[in-house]
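In what follows, a single structure is set out as structure tokens and then discussed.
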Amino acid sequence: MRFRDFLPVCWSVVISAALLLVHKLVLSTYFKNEESKFTFSIWEMYAFFGTCFAIIMLVSVFVKKYSINSFGQSIMLMTFIEMGLCFALFFPGLENEGSGMSFEKSSFLIVFLLFLAIETILAIRLLNKNQ
């Protein structure tokens, strides 16, 4: 395999870092007090989602190369596993009620949906490549 085949994995790392910087900038500029109330820091959420994102893209590259007919099913399975891990790891901290919990839940949901959308876009681009 060539380096070019692994460009989606490289893009996943770059996109994750860019999203983290933008999110931290917005929080530090407009919501200075809210971030200190978070159960899970922004760094932890982005580290988790960025790692899952890179793993999903890496596995997708190999699945596309060896079994293109299973590509969609593997993406769905990996996304399902990612959501299960999110529920297991982050739900206990997010179920607490507090003054900043709705803001933290919204932030968590936005991060999850952003990564899900970007995973989907990169998976579509990977699938349509060489056609």
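Annotations
- Trypsin sites (Lys or Arg not before Pro) restricted to region 1-75 and DSSP loop, no more than 14 other C-beta within 10 Å: Arg2, Lys32
- As computed over the chain, the Cα convex hull volume per residue (Å³): 97
- Here the spin labels are modelled as points 7 Å beyond Cα on the Cα-Cβ line, and at Leu58 and Phe80 they lie 2.3 nm apart.
- Within the chain, longest stretch clear of exposed GluC sites (Glu not before Pro) (DSSP loop, no more than 15 other Cβ within 10 Å): 35-94
- Calculated FRET value between Leu127 and Phe87, using beta carbons and R₀ = 41 Å, to 0.05: 0.90
- Distance (nanometres) between label positions extended 7 Å along Cα→Cβ at Tyr66 and Phe103: 4.7
- Carbon and sulfur %, accessible surface of the chain computed with the full protein complex present, 1.4 Å: 69
- Rounded to the nearest 500, the helix-only mean residue ellipticity at 222 nm of the chain stands at -27500 deg cm²/dmol, with each DSSP H run of n ≥ 4 adding -39,500 (n - 2.57).
- Solvent-accessible heavy-atom area per residue, rounded to whole Å², over the chain at 1.4 Å: 62
The values are calculated or read from the model by the stated rules, or taken from the named source; none is laboratory data. This structure is a prediction, so every number in the text was calculated from the model and none was measured. Positions of Cβ are generated from backbone atoms using ideal geometry, with glycine treated the same way; all protein chains shown enter the neighbour counts. Side chains are part of the model used for accessible areas, which takes the heavy atoms of the whole protein and leaves out ligands, DNA and RNA. Shrake-Rupley method; radii C 1.70, N 1.55, O 1.52, S 1.80 Å.
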